[in-house]
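Here the structure is laid out as structure tokens; the discussion comes afterwards.
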Amino acid sequence: MENNDLTEILSYLNSTHNKLMSELNNQNLNLFPADGGWSAGQVVAHLIKTEKYLYPLFSFVPKLIRSQKLLDKFDWLNTLLSKMAGMSFLSNGDQLPKEFSQVQLDTFKGRFTAPAFLKPRRQMYNIDDLLKQRAATRAKTLTMLRKADVSRLKQLRFSHPILGSFTLIEFVMFIGKHEEWHAEQLKRIKANNKV
């Protein structure tokens, strides 16, 4: 059963990656939306930073932390630091439930403000450099997942500072959901920059 779970997750991450890449092009990479939003290059840089930030949850935590109580202390600190660094939520009409399920994430409409340490720089990006960084980051994540003890990822819990508690395996799924949200953002950037 666990190998099937992992196969489905790896397939999901592959599909969300492909959706994201289908929306990315060099033409719109460094165009900044009039509303002050991120460029497409910044979106990809943010996804790279976020996946690197989450990587220790899947690679080191299951091996080094045996107690959920100890992980809860790191969880509390992560939530505190993320909120102090500016992480917040803007509703588009949805009420934010105390705890999310993956189903709710599929239909959720809202906007998050990333904490300062996950915000991309406002700069000109090179598509080849971004794609190399993206590929290296994703390869590292996938290699680790293939070696992971899935039962440990299902046992341990950690919190998204706004969305609440997830098992670590649900956090892996969140990487894909996060990509889907940003693929939609890339679609909007492309549509708004058409001449």
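Some notes on this structure:
- Test result for P97, within 29 Å of P62 (Cβ to Cβ) and at pLDDT below 90: yes
- Looking only at residues of region 60-88 that are closer than 14 Å to L168 by Cα and of a type in the set (D, E, K, R), we find that the one that is surrounded by the most Cβ atoms within 10 Å (Cβ to Cβ) is D75.
- Any chance D129 is within 21 Å of D72 (Cβ to Cβ), acidic (D, E) and surrounded by fewer than 16 Cβ atoms within 10 Å (Cβ to Cβ): no
- Beta carbons closer than 7 Å, at least 6 apart along the sequence or on distinct chains, pair a first residue in region 63-91 that is without any contact (Cβ under 8 Å) to a residue 24 or more places away in the chain with a second that is loosely packed, with under 13 Cβ neighbours inside 10 Å and among the charged types (D, E, K, R) for L90/R111.
- Scan of region 120-146 for residues that are closer than 12 Å to V44 by Cα and among the β-branched types (V, I, T), ordered by number: I127, T137
- Condition broken by D128, with the remaining ones in (1) touching a Phe, Trp or Tyr at 6+ places or on another chain (Cβ under 8 Å); (2) at pLDDT 95 or above satisfied: (1)
- Qualifying residue in region 135-148 (condition: at pLDDT below 90, surrounded by 15 or more Cβ atoms within 10 Å (Cβ to Cβ), out of contact with any Cys (no Cβ under 6 Å at 6 or more places or on another chain) and not small (G, A, S)): no
- Checking each residue in region 108-165 for being of a type in the set (S, T, Y), outside any strand (DSSP E or B) and in contact with an Asp or Glu (Cβ under 8 Å, 6 or more places away or on another chain) picks out T137, T141, S151.
- So K154, is it of a type in the set (K, R), out of contact with any strand residue (DSSP E or B) (no Cβ under 9 Å at 6 or more places or on another chain) and farther than 14 Å from F60 by Cβ: no
The values are calculated or read from the model by the stated rules, or taken from the named source; none is laboratory data. Nothing here was measured: the structure is a model prediction, and the numbers come from that model. Using ideal geometry, Cβ is built from the backbone for each residue, glycine included, and neighbour counts are taken over all protein chains shown.
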